[in-house]
Amino acid sequence: MERTLSKNEAKVILDLEWRGKTTITLTDLRETLDRSENYARYLAHRLVKKGWLERLRPGLFQLVPASRGRDGVADTNPLAPAAVLVSPYFFSFGTACTHHGLTEQRFSEVYIACRERRPAAIIRGIRYVFVHVPKQQFFGFAETRVLGTTVKMATLERALLDGINRPRHSGGIGEVSRIAMCAATRISWDALVELARRWSSSALVQRLGYLFDLHHAPMPESIKAELLAIIRPHSKIHLGSRRKWGNSGKLAKPWNVVVNVPHEVLLANGETRRRRVVLGARKKNR
């Protein structure tokens, strides 16, 4: 259908454009027009059909502005719809590692850290995975621009820690090992220590330290001492999931990590590749 507008439709679209609002709900439509919910649903259906709105999920729509032309080409940035699906949020895990250039893994999912527990959603054929993060760990991210959209993205240091903490959202322990190797040459050691202290997880620091040692990271001795000080006395943990990798392995000092994952997994590019979600040019975090 051609991108024409009736009087009421024009009122809604112009109001959105003037306010710079990119998303709209049925409540917004009712309040803008002072009409019933049934009429709001009818109007939303018409605007979707005409190409002025794109349906993200039931009751939530994204504006396809006039600048998109007569044909109403929707925004193809895979991060744009995700940014309005949940609040508060930030992108992390494999998505942030890709953004920061820490991995060549091909991810078909977009990973969103949030404080809610909610199922994955599929929009435009892309699967959005919502990863619950406790309130006390909701830090380490900044606003950045991706394909013209401002989104909240984990810093390089936070993306690394998230990957080590939950490898399955970053390509598995083998890919996380290679992410650590890449991050070691670009990381802010002070920022990393600050995040590790706030996180207050002995197991996370132990795995982080072991992976840095494995790849001979240029970690200053003072930073190593600060990380070791976070570890609980007598704490001994396994590098990988015991359900997947078993219990046996050598104990790596001084981090007290049982290396139950074969070295060929940690050092080689042998894991399954998946379709990559291209996020556009990377920009430095603030």
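The values are calculated or read from the model by the stated rules, or taken from the named source; none is laboratory data. As the structure is a prediction and not an experimental result, all values here were calculated from the model. Please note: Cβ atoms are built from the backbone with ideal geometry, for glycine as well, and neighbour counts cover all protein chains shown.
The table for this structure:
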| item | result |
| --- | --- |
| Among (1) of a type in the set (Phe, Trp, Tyr); (2) modelled with pLDDT of 90 or more; (3) under 16 Å from the mean Cα position of the chain (by Cα) - the single one Phe107 does not satisfy | (2) |
| Any hit, segment 135-151, residues being among the basic types (Lys, Arg) and over 13 Å from the mean Cα position of the chain (by Cα) | yes |
| Selected residue (only one of Ala191, Ala180 is under 25 Å from Phe138 (Cβ atoms), buried (at least 18 other Cβ atoms within 10 Å of the Cβ) and under 22 Å from the mean Cα position of the chain (by Cα)) | Ala180 |
| Residue check, Leu227 surrounded by 10 or more Cβ atoms within 10 Å (Cβ to Cβ) and at pLDDT below 95 | no |
| Test for Pro167: is it more than 20 Å from Gly209 (Cβ to Cβ) and not aromatic (Phe, Trp, Tyr) | no |
| Scan of segment 245-274 for residues that are loosely packed, with under 12 Cβ neighbours inside 10 Å and outside any loop (DSSP other than H, G, I, E, B), ordered by number | Lys250, Leu251, His263, Glu264 |
| Enumeration of residues in segment 188-202 that are in a loop (DSSP other than H, G, I, E, B) and modelled with pLDDT of 95 or more | Ser188, Ser201 |
| Subset of segment 149-177 [surrounded by fewer than 24 Cβ atoms within 10 Å (Cβ to Cβ) and of a type in the set (S, T, N, Q)] | Thr149, Thr150, Asn165 |
| Residues satisfying the stated conditions in segment 215-244, i.e. outside any loop (DSSP other than H, G, I, E, B) and closer than 21 Å to Ala191 by Cα | Glu221, Ser222, Ile223, Lys224, Ala225, Glu226, Leu227, Leu228, Ala229, Ile230 |
| Residue check, Arg158 under 29 Å from Thr23 (Cα atoms) and in a helix (DSSP H, G or I) | yes |
| Residue count, segment 121-134 (criterion: surrounded by fewer than 14 Cβ atoms within 10 Å (Cβ to Cβ) and at pLDDT below 95) | 3 |
